[in-house]
Amino acid sequence: MPIPLVNSIASWFLKKRFHQMELFLKYPNEVQLELLHVLLETAKNTEFGKSYDFSTIHNYETFKERVPIRSYEDYEPMIERSRLGEHNIFWPTPIKWFAKSSGTTSAKSKFIPVSQESLEDCHFAAGKDLLCMYLNNNENAKLFTGKSLRLGGSKELYKENGTSFGDLSAIIIDNMPFWADFSSTPSSEVSLMSDWEYKMKAIVNETIQENVTSLAGVPSWMLVLLNEVLEATGKENLFEIWSNLEVYFHGGVSFEPYRDQYNKILPKNSFKYYEIYNASEGFFAIQDHNDSSELLLMLDYGIFYEFIPMGTYGTKDEKVIPLSEVEIGENYAVIITTNAGLWRYQIGDTVRFTSTNPYRIKVSGRTKHHINVFGEELIIENAEEALRKTTKTTNSEIVEYTVAPIFMIGREKGAHEWVIEFNKPPEDIDLFKHLLDQNLQQVNSDYEAKRYNDTTLNMLQIQEARKGLFYDWLKKNNKLGGQHKIPRLSNKRTYMDELLELNSIKSFS
């Protein structure tokens, strides 16, 4: 199809969609409250809706007072019944799919309900919006002259009691219209392979023959794939293989630790990066401008948002607020109510608002992935900003990292221990350590206070990881591919001790 025609069609869709988006951009809080009313009305005759008498909830205050906040563990009994084929428990339409996700906070698998409504009105709608926004910002885009290289999860879909479960990306791929396969690579057959390492080889063999114009997937795993593509072809950069490659749509983990490595294998200033914020529970936000570091919170995907200021999170004074009360710069835990029947559900992510007109956010971390053993309140956003500055100064590159506390023993003060796998190590690791410590103090005043004159915290320690350590750890724990992520920060030493033990063993990957 000629490029002008493709862009004309996309422009037509975009203009139609912009009229809808204008509504939530102009009246965000009204749109959210109306959405809550629709969700309550839709589910009032479900088992859950009757138990909380949804039919008599007419405002947010009553909803907040009556319906408790829930974790996955609270939901699990209802989800298990739904997986066994029971209907109308927490959502009126049958739940056919469950997104299997271990996340990074628990080794136990979670099965997140995916309704027909959430699949179409959230996940698929977001995909269309993302493409429309990109094309609107890049009139000369040639996206549709080639294919999108999609890197999804490594789980196949498993049928069980009339329902299916698998990685969210597998569910989406399995439910896409047949014509979508023509604009994507690899084929659905390869995309849904369960053996990750065999699948990677199959993807390389299939995609190097295609005209790939865009990439889509989690940065850590996409980088593994792209390096394998370069190794298989003997090329220096990806444009030597796919000359029309123009954009990478990424999400799932922070892009910052990988940015320099991507710039090296994609050395064109015109190449675009577009960030998305999605999860098994829903699609939440989209980068809607070129070269932006902020994400537009999408308010009409069937998701009602609430937030907990992290200063009160988990305390007896915990406070829950609607979107209308958020403040710029504050760090919040995200609570969602969705068109898949998740009611006031904690997703475990934290965000920081950069704007309230419109509502724009940055993902700042995870509620369980921080270090606050000594009152330092270190979050992932702090760690990655400090790492970015340090690697730039020392001309080094990082593959993966994780951080855990060294607990106080006797009179010995505590510290933070970092395990870092370098792609390009610094010439002076001791200098790297001191710069990292200084940069952490610059971005986090609580850490700075605890480090002042070694009051509470001693100088951080760095353990250099052997090549492939984190990959081997994921493989050992059956977490290769898909949405699986390295736990960045932890208040415990479980991950750290496992990694240090594995670091003494020769790579088995």
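The values are calculated or read from the model by the stated rules, or taken from the named source; none is laboratory data. Quick caveat: nothing in here was measured; it's all calculated off a predicted structure. Here the Cβ positions follow ideal geometry from the backbone for every residue, glycine too, while neighbour counts run over all protein chains shown. With ligands, DNA and RNA removed, areas are computed over all heavy atoms of the protein, side chains included. Shrake-Rupley method; radii C 1.70, N 1.55, O 1.52, S 1.80 Å.
Of the conditions (1) open to solvent by 10 Å² or more (accessible area, probe 1.4 Å); (2) touching a His at 6+ places or on another chain (Cβ under 9 Å); (3) of a type outside the set (Phe, Trp, Tyr), Pro219 fails just one. Which one is it?
(1)
Pull up region 379-415, narrow it to residues that are over 15 Å from Pro257 (Cβ atoms) and not hydrophobic (A, V, I, L, M, F, W, C), then point me to the one that is nearest to the chain's Cα centre (by Cα).
Pro405
Based on this model, can you work out whether Gly468 counts as in contact with a strand residue (DSSP E or B) (Cβ under 9 Å, 6 or more places away or on another chain), under 23 Å from Trp196 (Cβ atoms) and open to solvent by less than 20 Å² (accessible area, probe 1.4 Å)?
Working: in contact with a strand residue (DSSP E or B) (Cβ under 9 Å, 6 or more places away or on another chain): yes; under 23 Å from Trp196 (Cβ atoms): yes; open to solvent by less than 20 Å² (accessible area, probe 1.4 Å): yes.
The answer is yes for Gly468.
Buried (at least 22 other Cβ atoms within 10 Å of the Cβ) and at pLDDT below 95, is that true of Ala340? Reasoning before the result, please.
Values: buried (at least 22 other Cβ atoms within 10 Å of the Cβ): yes; at pLDDT below 95: no.
Taking the combined requirement at face value, the residue does not satisfy it.
I'd like the full set of residues that are assigned to a helix (DSSP H, G or I), within 23 Å of Gly365 (Cα to Cα) and of a type in the set (Lys, Arg), limited to region 437-489.
Within region 437-489, Lys450, Arg451 meet the criteria.
Rundown of residues vs (1) in a loop (DSSP other than H, G, I, E, B); (2) modelled with pLDDT of 80 or more; (3) open to solvent by 60 Å² or more (accessible area, probe 1.4 Å), yes/no style:
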{"residue": "Gly152", "(1), (2), (3)": "yes, no, no"}
{"residue": "Phe165", "(1), (2), (3)": "no, yes, no"}
{"residue": "Trp179", "(1), (2), (3)": "no, no, yes"}
{"residue": "Glu189", "(1), (2), (3)": "no, yes, yes"}
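Across region 50-76, which residue is most open to solvent (accessible area, probe 1.4 Å) among those that are farther than 22 Å from Asp349 by Cα and either part of a loop (DSSP other than H, G, I, E, B) or modelled with pLDDT under 95 (or both)?
The qualifying residue most open to solvent (accessible area, probe 1.4 Å) is His58.
Scan region 462-509 for residues that are closer than 26 Å to Gly251 by Cα, touching an Asp or Glu at 6+ places or on another chain (Cβ under 9 Å) and modelled with pLDDT under 85 and jot them down.
Listed by number, the residues that qualify are Asn477, Leu480, Gly481, Gly482, Gln483, Ile486, Ser509.
Just for strands (runs of 3 or more DSSP E) wholly inside region 236-312: which have at least 1 residues that are touching a residue at least 12 places away in the same chain (Cβ under 8 Å), open to solvent by 20 Å² or more (accessible area, probe 1.4 Å) and within 30 Å of Ile95 (Cα to Cα)?
Numbers: elements: 247-250, 272-279, 282-286, 295-297, 303-309.
Per the criteria, 272-279.
Quick check: is even one residue across region 113-120 out of contact with any Lys or Arg (no Cβ under 7 Å at 6 or more places or on another chain), surrounded by fewer than 14 Cβ atoms within 10 Å (Cβ to Cβ), at pLDDT below 90 and closer than 30 Å to Thr213 by Cα?
No: region 113-120 contains no residue that is out of contact with any Lys or Arg (no Cβ under 7 Å at 6 or more places or on another chain), surrounded by fewer than 14 Cβ atoms within 10 Å (Cβ to Cβ), at pLDDT below 90 and closer than 30 Å to Thr213 by Cα.
Scan region 338-351 and give yes if some residue there is acidic (Asp, Glu) and under 17 Å from the mean Cα position of the chain (by Cα), otherwise no. I'd like the intermediate steps shown before the answer.
Of all residues in region 338-351, those acidic (Asp, Glu) come to 349.
This time we only want the ones that are under 17 Å from the mean Cα position of the chain (by Cα), so: 349.
Yes: one or more hits.
State the number of residues belonging to region 385-435 that are farther than 25 Å from Ser364 by Cβ and of a type in the set (Asp, Glu).
Summing the residues that are farther than 25 Å from Ser364 by Cβ and of a type in the set (Asp, Glu) in region 385-435 gives 4.
Just checking, which of Val373, Val399 is modelled with pLDDT under 85 and open to solvent by 10 Å² or more (accessible area, probe 1.4 Å)? Explain how you work it out, then say what you get.
Values: Val399 fails: modelled with pLDDT under 85.
Among Val373, Val399, only Val373 is modelled with pLDDT under 85 and open to solvent by 10 Å² or more (accessible area, probe 1.4 Å).
Would you say Val443 is touching a strand residue (DSSP E or B) at 6+ places or on another chain (Cβ under 9 Å), in contact (Cβ under 8 Å) with a residue 60 or more places away in the chain and crowded, with 17+ Cβ neighbours inside 10 Å?
On the way: touching a strand residue (DSSP E or B) at 6+ places or on another chain (Cβ under 9 Å): no; in contact (Cβ under 8 Å) with a residue 60 or more places away in the chain: yes; crowded, with 17+ Cβ neighbours inside 10 Å: yes.
In short, no.
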